[in-house]
Amino acid sequence: MTAQPMLLFGAAETEAVGAALAACVRAGDVIALFGDLGAGKTTLARGLIRALGFAGDVPSPTFPIVVAYDPPDVSLSFMHADLYRIDDPDDAEELGLDDARAHGVLLIEWPERLGARLWPDALVLRIERDGDDRRRLTWEMPAAWEGRWPPR
Ligand SMILES: Nc1ncnc2c1ncn2[C@@H]1O[C@H](COP(=O)(O)OP(=O)(O)O)[C@@H](O)[C@H]1O
Ligand SMILES: [Mg+2]
């Protein structure tokens, strides 16, 4: 199901969407964040991780591919993955994504790299450029997210 797009003016609004997501996430959730290079995926993830209580820098995980955040730094275990450099879905197996999901929340940039391995119950978010200073966010909501997203 796709709803009306959300228009985001400036990086602060992209971070704010991440913060809104922080209020909705539960252990076991997977968020698949699609978008081109520079679309704002890491910016959104940063807003989410900070809203979970993380006070430090939130780097792009392009290299080393995954960054884990654990209590007490955050209110629930969170793994931030960037699969840009993964060529073969089989290579993703050793990253511990299944495990991350079992213990907390998993957010994936470049989820298309997982091919058919992407979890069907993931919340799918797509962020795209809409001019230089605006982004457009759309989503596909699995049953597990009904009533949780979008925020009212
Ligand atoms: N809504 C927005 N409007 C304008 N610029 C944005 C918006 N959201 C993010 N940005 C900027 O776009 C760039 C995106 O970077 P990043 O989040 O690292 O993208 P990605 O992870 O998708 O490659 C950053 O410079 C960020 O400040
Ligand atoms: Mg990124």
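No lab work stands behind these numbers, since they all come straight from the coordinates. Treat the numbers as computed from the prediction; the structure is a model and nothing was measured.
How much of the DSSP bridge set in the chain is antiparallel, in percent, rounded to the nearest 5? Write down the numbers at each step before the final one.
On the way: 15 of 28 bridges.
Around 55 percent antiparallel, to the nearest 5.
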### Gain in span if fully extended, Asp88 to Ala102, counting 0.36 nm per residue against the direct Cα distance
2.8 nm
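Test of understanding: express the Cα radius of gyration of the chain as a ratio to 2.2 N^0.38 Å, with N the residue count.
On the way: Rg = 14.2 Å, N = 152, 2.2 N^0.38 = 14.8 Å.
Here the answer is 0.96, to two decimals.
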### Task
With θ set to phi - 60°, apply the Karplus curve 6.51 cos²θ - 1.76 cosθ + 1.60 along the stretch 6-18 and write out the HN-Hα couplings as whole Hz, x wherever there is a Gly or Pro.
9, 9, 10, 9, x, 4, 5, 6, 5, 4, 5, 5, x
### Relative contact order (percent, whole number), the chain, Cα cutoff 8 Å, 6+ residue spacing
34
#### Entry: Linear extension gain, Ala16 paired with Ser60, 0.36 nm per residue minus alpha-carbon span
14.1 nm
### Message
If each DSSP helix of 4+ residues adds -39,500 (n - 2.57) and the sum is divided by the residues in the chain, what number results at 222 nm, nearest 500 deg cm²/dmol?
### Response
-6000 deg cm²/dmol
